[in-house]
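**Student:** I'd like to ask some things about the structure below.
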Amino acid sequence: MPRRKNYTVVEQFPSSTDAGKLYVVKKDETGALSCNCPVCVFKKTGARTCPHVEEIQGRWFAIDWGEDSK
């Protein structure tokens, strides 16, 4: 039986269209990010990413390079 991945919640984003709905960005043990929003879940081609994942990656990039993340 394959080993299940361990995930850590990185951040939650409120839905802009569904009050009370939260989209959760998680990081697995390899550092890969995933999100449960429809853009990420149903993406058919290219990298499985979304605005939530890209926002976090942008902040991490800014921190790595010593830039202000604002």
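**Student:** Shape of the chain from its Cα gyration tensor (a ≥ b ≥ c, root eigenvalues): rounded if a/c is under 1.5, otherwise prolate when a/b > b/c, or oblate? Intermediate results must be reported in sequence, preceding the final value.
**Tutor:** Numbers: a/c = 1.62, a/b = 1.11, b/c = 1.46.
Oblate, since a/c reaches 1.5 and b/c is not below a/b.
**Student:** Using a 1.4 angstrom probe on heavy atoms only, work out the carbon and sulfur share of the accessible area of the chain in %.
**Tutor:** Numbers: 3040 of 5610 Å².
Here carbon and sulfur together make up 54 percent of the probe-accessible area.
**Student:** Do any trypsin sites (Lys or Arg not before Pro) in region 16-64 lie in a DSSP loop with no more than 16 other beta carbon atoms within 10 Å, and if so, which? Working shown, then result.
**Tutor:** Values: sites: Lys21, Lys26, Lys27, Lys43, Lys44, Arg48, Arg59; in loops: Lys21, Lys43, Lys44, Arg48.
Passing sites in region 16-64 are Lys21, Lys43, Lys44, Arg48.
**Student:** Given charges of +1 on the Cβ of Lys and Arg and -1 on the Cβ of Asp and Glu, with all other atoms neutral, how large is the dipole of the chain about its Cα centre, in debye to the nearest 20? Spell out each step's value before the answer.
**Tutor:** Working: 11 positive and 9 negative charges, 98 e Å.
Value, rounded to 20: 460 debye.
**Student:** Residues of the chain: accessible area per residue at 1.4 Å, in Å²? Let's see the in-between values first.
**Tutor:** Working: 5610 Å² over 70 residues.
Value returned for the chain: 80 Å² of accessible area per residue.
The values are calculated or read from the model by the stated rules, or taken from the named source; none is laboratory data. The structure presented is a predicted model; accordingly, all values stated were derived computationally and were not measured. Counting neighbours? That spans all protein chains shown, and the Cβs are built from the backbone with ideal geometry, glycine included. Each accessible area value is taken on the protein alone, full model and side chains, heavy atoms only, with ligands, DNA and RNA left out. Shrake-Rupley method; radii C 1.70, N 1.55, O 1.52, S 1.80 Å.
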